[in-house]
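The values are calculated or read from the model by the stated rules, or taken from the named source; none is laboratory data. Just so we're clear, the structure is a prediction, and the values are computed from it rather than from any experiment. Note that each Cβ is placed from the backbone with ideal geometry, even for glycine, and that neighbours are counted across all protein chains shown. Each accessible area value is taken on the protein alone, full model and side chains, heavy atoms only, with ligands, DNA and RNA left out. Shrake-Rupley method; radii C 1.70, N 1.55, O 1.52, S 1.80 Å.
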Amino acid sequence: MALALEEARAAAERGETPVGAVILDPATGEVIARAGNGPIAAHDPTAHAEIAAMRLAAARLENYRLTDLTLVVTLEPCAMCAGAISHARIGRVVWGADDPKGGAVIHGPKFFAQPTCHWRPETTGGVMAQESADLLRGFFRARRAKKAGKDGAT
């Protein structure tokens with residue numbers, strides 16, 4: 001999770017929502033791919049950290065199936081990312097902060113619990129949750145303050 005948090009901090013420095021993801025091989029401990037959120041810079045609404053990391057891992061392994069790999073992400077995956085995780089056959093998903101508003105693993109549609117979900121990874125939430133949540137809260141607090149400062153100056 002520490003590596004995913006590094007990616008989240010780097011995303012925040014780029015002005016992206018601070019979410020980071022790492023894909024690793026639990027058998028060897030090798031980091032296969034790592035990425036941070038990038039929808040703004042990429043002009044791509046699908047450029048979430050999880051999707052970016054899965055794309056990098058699939059390219060590196062020359063296989064779109066990422067079976068038995070672990071995805072570590074700082075925020076509970078959304079429905080789009082949960083769908084991609086299922087299609088990639090990720091073996092395990094570990095996340096930091098829960099996302100009651102946009103999450104889709106234990107919140108919202110509970111994607112992996114749906115009967116139409118064809119692949120269900122093992123899931124673990126709450127790993128370094130406070131650090132992940134604090135990073136997100138701080139990022140959005142700073143954005144609101146900056147916006148309020150601009151609004152107050154005009």
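Shown here for the stretch 28-135: trypsin sites (Lys or Arg not before Pro) in loop regions (DSSP other than H, G, I, E, B) with at most 11 other Cβ atoms within 10 Å, namely K101. Residue separation of T116 and D25 scaled by 0.36 nm, minus their Cα-Cα distance, works out to 30.0 nm of gained length. Excluding same-chain neighbours fewer than eight residues apart, the aspartates and glutamates reachable from K110 by a Cα-Cα span under 16 Å are E76, D98, D99, E122. Taking GluC sites (Glu not before Pro) as exposed when their DSSP state is a loop state and no more than 16 other Cβ atoms lie within 10 Å, the longest site-free interval of the chain runs over 63-154.
Taking amide H as placed 1.01 Å from N in the peptide plane, the amide H of T123 sits under 5 Å from that of V93, each at least 5 places away or on another chain.
Once the C-beta distance of R143 and L56 is scaled by a Förster radius of 30 Å, the resulting FRET efficiency is 0.65 to the nearest 0.05.
Phi angles of the stretch 102-114 translate, via the Karplus equation with coefficients 6.51, -1.76, 1.60 and θ = phi - 60°, into HN-Hα couplings of x, x, 9, 9, 10, 10, x, x, 6, 3, 6, 8, 6 Hz per residue; Gly and Pro are given as x. Three principal axis extents of the stretch 1-149 based on alpha-carbon atoms, in descending order, are 47, 31, 29 Å.
Heavy-atom accessible area, probed at 1.4 angstrom with all protein chains present, ranks T124, T28, T116, T74 as T116, T28, T124, T74, highest first. Rounded to the nearest Hz, the phi-derived 3J(HN,Hα) couplings of the stretch 33-46 under the Karplus curve 6.51 cos²θ - 1.76 cosθ + 1.60 (θ = phi - 60°) are 7, 8, 7, x, 4, x, x, 5, 5, 7, 6, 9, x, 8, where x marks glycine and proline. Straight-distance candidates among the aspartates and glutamates for linking to K146, with alpha-carbon spacing under 19 Å and chain neighbours fewer than 8 residues away dropped: E13, E16, D134.
The Cβ shell under 11 Å around M54 holds other residues with a net charge of +3, Lys and Arg each +1, Asp and Glu each -1. Only Cα pairs under 8 Å and 6+ residues apart enter the sum, and on that basis the relative contact order of the chain stands at 19 percent. When all protein chains stay in place and ligands, DNA and RNA are ignored, the 1.4 Å accessible-area order of T46, T70, largest first, is T46, T70.
Using a probe of 1.4 Å, the accessible surface attributed to R14 totals some 130 Å² when neighbouring protein chains are kept in position. Within the assembled protein chains, the solvent-accessible surface assigned to M80 is about 70 Å², based on a 1.4 Å probe. Counting only DSSP beta bridges whose two residues both lie in the chain, roughly 55 percent are antiparallel.
Between 0 and 90 degrees, the angle of helix 49-61 with respect to the longest Cα principal axis of the chain falls at about 40 degrees.
Against the main long axis of the alpha-carbon atoms of the chain, helix 2-13 sits at an angle near 40°.
Considering only V19, V73, V127, the Gaussian network model of the chain with Cα springs below 10 Å gives its largest mean-square fluctuation to V127.
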